[in-house]
1. Would you be so kind as to identify which of 134, 104, 119 lies farthest towards the positive end of the dipole of the range 72-164, taking Lys and Arg as +1 and Asp and Glu as -1 on Cβ and the Cα centre as origin?
2. What are the ³J(HN,Hα) values, in whole Hz, obtained from phi via the Karplus relation 6.51 cos²θ - 1.76 cosθ + 1.60 with θ = phi - 60°, for each residue of the range 96-102 in sequence order, with x given for Gly and Pro?
3. How are the alpha carbon pair distances in the range 62-111 distributed across 10 Å bins from zero to the largest one, expressed in percent?
4. Tell me, what does the Kirkwood hydrodynamic radius of the range 47-146 come to in angstroms if you use every pair of distinct C-alpha atoms?
5. Output ³J(HN,Hα) for the range 136-147: one whole-Hz value per residue in order, computed from phi by the Karplus curve 6.51 cos²θ - 1.76 cosθ + 1.60 with θ = phi - 60°, and x for Gly and Pro.
6. Could the peptides 112-119, 131-138, 155-162 be put in order, highest first, of the mean number of other beta-carbon atoms found within 10 Å of their residues?
7. Hey, can you grab everything whose amide H is under 5 Å from the amide H of residue 162? Only 5+ residues off in sequence or another chain; H modelled, so Pro and N-termini drop out.
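FYI, it's all coordinate maths here, none of it is from the lab. Everything numeric in this text was worked out from a predicted model, so none of it was measured. Counting neighbours? That spans all protein chains shown, and the Cβs are built from the backbone with ideal geometry, glycine included.
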Amino acid sequence: MSRRRQHRTDRAGTRPEDARPDRAGGTRPGPAGTRPGGPAGAAGPCPCGLGEPYGACCGRYHRGEPAPTAVALMRARYTAFARGDAGYLRRTWHPRTRPPRLDLDPGQEWTGLAVLATSGGGLFDAAGTVEFRARYRLGGRAGEVREHSAFARLDGQWLYVDGS
């Protein structure tokens, strides 16, 4: 996901904030912008939506294990946005297109991911694309990013190239 090419589609109206996990594994009401998956740690649900605990899902990629496919990297990058992990986003951005710095908006809460289509990006491919929709809340308003992301394998590691 590229913050540079984010297309926002705001919807009118707001809804009450959902309860969010706290550091002890319970829940607490969270202010807008609380990042799902951040406070819950490795045992909490992964924000990517696959239903696995973060530590066994995208957390392993954030700890250094290479993502095996382009779609796995895209899900891990979405989770990095949701958890506020700009370092992972920069490490998995192709050096040809990587921005000199990446500032994430702490008020943006990522609320859902849907993979819509994939092409290439498999275990033995050198390139691939993933089309996805990511939903968020910002300033009390809902929006979504819809993107066709391009990925390339460099030195055996999948990297995000760009999106449109």
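1. 104
2. Per-residue couplings from phi come out as 5, 10, 5, x, x, 8, 9 Hz.
3. Percent of pairs per bin, in order: 24, 56, 20, 0.
4. Across the range 47-146, the inverse of the average 1/r is 14.3 Å.
5. Ordered by residue, 3J(HN,Hα) equals 8, 10, 8, x, x, 10, 8, x, 8, 10, 10, 8 Hz.
6. 131-138, 155-162, 112-119
7. 150
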